[in-house]
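First up is the structure itself, then whatever we jot down about it.
The values are calculated or read from the model by the stated rules, or taken from the named source; none is laboratory data. Since this is a predicted model, take the numbers as computed values, not measurements. Cβ atoms come from the backbone with ideal geometry, glycine included; neighbour counts cover every protein chain shown.
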Amino acid sequence: MNKTRHREDQLASGLDVLVTERPLQDRPRGPQGWVLSENDVRDDKAVQRILECLRKVSKNEVMFVVSQLRYQDYLSEARDVGLPSPKDLKSQNKHQGDFDILIIHRQHGILVGEMKAVGDLQCGDQQNKAKVIKDRVEKAIAQLKKATDVLEHILSDLQPTTPQILKTVMLPNVSRADLQHLLRNDPQLAQDLCNCLNIDVNTDPTTLCLTSNDISSPSQWWQQRMKRAGDDSVMTDDVYLDLVSRFAGPATTVSVPCSTVPRLAQTQHKDVRTPGEGVAEAGDRFAPVNIVLHPSQVEILNNRALSRAFLTGPPGTGKSLMLLLKGQERLRQGKPVNVVSSRKESRAASYMIASQLKKSEPQSTHLVHVHIFNMPFDRMHATSRLIKAAKEQGSQNELFVIMDEASDCHGHTEPFHRLCDVLFREVGTLHLWAASLFNNSRPSCLTEVRLTEALRTPPMITRLVQEHRGFLGQHVYNYTDLPTPAPADGHPPQELIHEGEGHAQEKDTPECEECGKEIARQLRHLHVGEAAKDDYSPTPPKPSDVFLLTYGSQFRDDSGLIRGLRDGGFPVTVLEADDEKGLEKVASMRELDKVVAANCITVNGLERKIVIFVQHDGPEYDSADWGKLWAMSRCTSLLMWLKRSRPQSGSQRGRTGIDKMEH
C-alpha cells in the first residue's frame, strides 16, 4: 500500500468528490497533521522495488518479510505478556523508529535492512550526488545500530538462544559502482560501514548492500549477505514460529496509512495483515465508495463548453466513471438521461451506468432511460427511436445521450458514426458523451478527450496490460505517468495449473472439478464471504466481488469447474451471452452472494476485485490474447490465471510477471 492523500472537492454540478493530491516538495513545519511529501512517494517506490526483489528470492527460501514496522507497534496489542518492549528504551530515546525491512529466516536468523531512496533525487552534479549518498549511508548506519539495539532488547528473553542479527543497507536507486566510488574516496565511511555489517575492513562492504544492480537479479547479493553468514543453529522450528508470531501475530499492530480517515475507526491507519485483507483493501482503494478523480478529470467535467465528447484511453482510466458523473450532473438539473447500448459488448457497461444513475439520484429514476440496440441492423430504428425519445421527454430540440464501449476492436465504426451524425443533424441541441478504448472510432461531431492516467487499475495490472498492448494495436493510447501516487502497487498475478493428482487432464480445463475445488480453496484462503474481524480491518471480498472469466466459449451450469467451485462452498451464477435480465442483475450488483462465471466479452466494462481467467485447450484458445487482456483489465486487485499445463522450455508466452501457484 502506498501513502496517498485525497482532498474533498465539489464539481461545478454540485457533486461531492475526492481529488488525488500531489505530494508537497517539503513537509511543512508546525501542527499541519499528516501531509504527503515527495519523500513519502520516493520511499514508497523504493520499498515496492525492494519487495519485488525479495519476492524473487523467497521462492526458494523459508522466510517471513515485514516492511515498515514501527517499534511502538511491536506487541502493542498484548496485555501483560511479560516480554521486553521498545517502550523500555524510552530513557535512551530508542523507543521510536521503524524497521524498514525485517526478514525472519528459518536458517539464517534475522536480517534487518535500512532503506534509503537516494539516487531517485534530482541531485545535480556528480559531486552533490555523492554528498547526498554519503549523508544517507551515514544515517543508515546510525539507524541500523539503533534497530539492532532494539532487536537485541526485545528478544533478550530468548537468551541464550537469541538468533543472529544480520544487517544490510538497501539502496535500490544507487549502483554498486557509485557506492564503491564513494567508499574509495571516504575511508572513514567505508570503515564505519564494515563495522556496522560486522565484517573485516579489508572486505568490500558493497557486496552485502542491496543496490540497483541487484533488483532484477538478487541472487548474488543474497548469497553474499545470507549464505555467507551460515546457518544459525538456534533457529529451530519453534524459535522461527515464535518470532513470526511476535512480529506478525495478533499482538503486533500491522497497519497501512489511509488516504482519508475511516468513519468507523477514526484513525489514519488500518490493520491489514492477511492476504485477503490486502486484496480487499487494494480493491477498496481502486474502486472506493466515494468517487475519486485526478485533477485533470475535474477540469474536464467542469468544462461547460464541452457538450459532445469522445473519451478514449487504455483500460482503467475512468472513462465509464466520467460518463456516470455527466449523467448525474444532468439528473441534478432535472433533465432526462438516455443510456444507449449500440452492440452486445456494451450491454454490461450500459446497465451498470443506468443502475448507478438510479441509485445516486433515486428521486430522478423516472428520468433515466436505457435504449438497447444491435447496430448496424437497428441503426435506422435507433435513430428514429432516440429522436422520438427527445420529443417524449419534453424537448424536441434537446437530447442527452451516454454511450459506453461505443466501438469494437474490429474497426466496425460506421454504424456508430452514422448514428452520431444523424442525431447531430436532427437534434437541435445534442449533448452526447461516448467512450471507447479505441481512438480511431471518434465521430467528427465529437471532441476527443484523452484519459491515459490509470485511476481504477493497480500498477501491477497496468504493467501487464502494457506488456500485452501489442494485441491492441496502435489505436489505443499508452498509459502516462500518474500525477499522484497510486493507492497500491497491487498483488502479483497468480497462476493455477490444471495438472496433478485428482485433475481430469483428459478433459478441457472448464470440465475439471478439482480445478474448481482449488479455486474455492484459494478464495477461502482470502476469506471471501467472511465478515470483517473489527472496525479497523477491511471487509473481506464478497463472492460477488469475484469474476470467473473465459474467452472463446461459455461456461455451462453443469461444467466440472462450476461443480467443484460450488462443492467448495461458493455459490456461482453462470451468465449466458443472451441473458439480458441476468446481465442487468450482475451489472447492478444485485447478485450479492454469488461468484459470476461468464465470457469476458459478456461482462465487458464491469470490474471486480478478484478476476480468475480460465484458459481453454487448443492453440486457438492458448493464443487468445484478447481474452487475457480483457480479463486483466477487469481486475482492481488480484488476477489469477488457470492454465492447462506449464509452457514448454523456450516458450514463455504470456508468463511475464505471473507467479505460479501449483496444486
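Filtering segment 234-253 down to residues that are out of contact with any Phe, Trp or Tyr (no Cβ under 9 Å at 6 or more places or on another chain) and not aliphatic (A, V, I, L, M), which residue is modelled with the lowest pLDDT?
Going through segment 234-253, the residues out of contact with any Phe, Trp or Tyr (no Cβ under 9 Å at 6 or more places or on another chain) turn out to be 234-239, 241-242, 245, 249-250.
This time we only want the ones that are not aliphatic (A, V, I, L, M), so: 236-238, 242, 245, 249-250.
Details: Thr236: 93, Asp237: 94, Asp238: 93, Asp242: 94, Ser245: 92, Gly249: 84, Pro250: 80.
The extreme case among them is Pro250.
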**Asked** Which one is nearest to Leu54 (Cα to Cα) among residues in segment 220-244 that are under 31 Å from the mean Cα position of the chain (by Cα) and without any contact (Cβ under 8 Å) to a residue 24 or more places away in the chain?
**Response** Trp221
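Taking segment 301-326 only, how many residues are over 15 Å from Asp16 (Cα atoms), crowded, with 19+ Cβ neighbours inside 10 Å and not hydroxyl-bearing (Ser, Thr, Tyr)? Before the answer, list the steps.
Here is the first cut: in segment 301-326, the ones over 15 Å from Asp16 (Cα atoms) are 303-320, 323.
Keeping just the survivors that are crowded, with 19+ Cβ neighbours inside 10 Å gives 309-320, 323.
From the residues that got through so far, the ones that are not hydroxyl-bearing (Ser, Thr, Tyr) too are 309-311, 313-316, 318-319, 323.
Number satisfying all stated conditions: 10.
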**Request:** Using the structure shown, decide if Pro487 is touching a strand residue (DSSP E or B) at 6+ places or on another chain (Cβ under 8 Å) and touching a residue at least 60 places away in the same chain (Cβ under 8 Å).
**Result:** no
**Request:** Say whether the condition of being modelled with pLDDT under 90 and either surrounded by fewer than 19 Cβ atoms within 10 Å (Cβ to Cβ) or in contact with a Cys (Cβ under 7 Å, 6 or more places away or on another chain) (or both) is met by at least one residue in segment 559-567.
**Result:** no
**Item:** Residues that are within 18 Å of His366 (Cα to Cα) and surrounded by fewer than 24 Cβ atoms within 10 Å (Cβ to Cβ), drawn from segment 327-350
**Value:** Gln328, Glu329, Arg330, Leu331, Arg332, Gln333, Gly334, Lys335, Pro336
**Request:** Can you work out which of the residues in segment 347-404 that are farther than 19 Å from Ala587 by Cα, in a helix (DSSP H, G or I) and among the charged types (D, E, K, R) is modelled with the lowest pLDDT?
**Result:** Arg379
**Request:** Can you tell me which residue within segment 180-195, out of those that are touching a residue at least 24 places away in the same chain (Cβ under 8 Å) and assigned to a helix (DSSP H, G or I), is farthest from Val169 (Cα to Cα)?
**Result:** His181
**Item:** For Ala140: the one exception among (1) touching an Asp or Glu at 6+ places or on another chain (Cβ under 7 Å); (2) at pLDDT below 95
**Value:** (2)
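Only strands (runs of 3 or more DSSP E) wholly contained in segment 1-107 count here; list those with 3 or more residues that are more than 22 Å from the chain's Cα centre (by Cα), under 23 Å from Trp221 (Cβ atoms) and not assigned by TED's automatic domain parsing to the domain that holds Leu323.
98-105
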**Request:** For residues that are farther than 15 Å from Ile101 by Cβ, surrounded by 13 or more Cβ atoms within 10 Å (Cβ to Cβ) and not charged (D, E, K, R), scanning just segment 223-233, find the one that is modelled with the lowest pLDDT.
**Result:** Ala229
**Prompt:** Is there a residue in segment 149-162 that is out of contact with any helix residue (DSSP H, G or I) (no Cβ under 8 Å at 6 or more places or on another chain), in contact (Cβ under 8 Å) with a residue 60 or more places away in the chain and either of a type in the set (D, E, K, R) or not in a loop (DSSP other than H, G, I, E, B) (or both)?
**Reply:** yes
**Asked** If a residue has to be surrounded by fewer than 21 Cβ atoms within 10 Å (Cβ to Cβ) and over 19 Å from Ile104 (Cβ atoms) to count, how many in segment 199-222 make the cut?
**Response** 14
**Fill in**
Selection over segment 494-529 where residues are among the acidic types (Asp, Glu) and on the phi > 0 side of the Ramachandran plot yields a count of 0
**Request:** Six or more apart or on different chains, Cβ under 8 Å: which pairs go from a residue in segment 70-98 that's farther than 15 Å from Ala251 by Cα to one that's surrounded by 18 or more Cβ atoms within 10 Å (Cβ to Cβ) and among the hydrophobic types (A, V, I, L, M, F, W, C)? Could you list them?
**Result:** Leu89/Val150; Lys94/Val150; His95/Leu89; Gly97/Ala147; Gly97/Val150; Asp98/Leu69
**Prompt:** Only one residue in Ile103, Ile110 is farther than 19 Å from Ile215 by Cβ and modelled with pLDDT of 95 or more, so which one is that?
**Reply:** Ile110
**Complete:** Restricted to segment 560-604 and to residues being among the acidic types (Asp, Glu) and part of a helix (DSSP H, G or I), the residue nearest to Ile353 (Cα to Cα) is Glu584
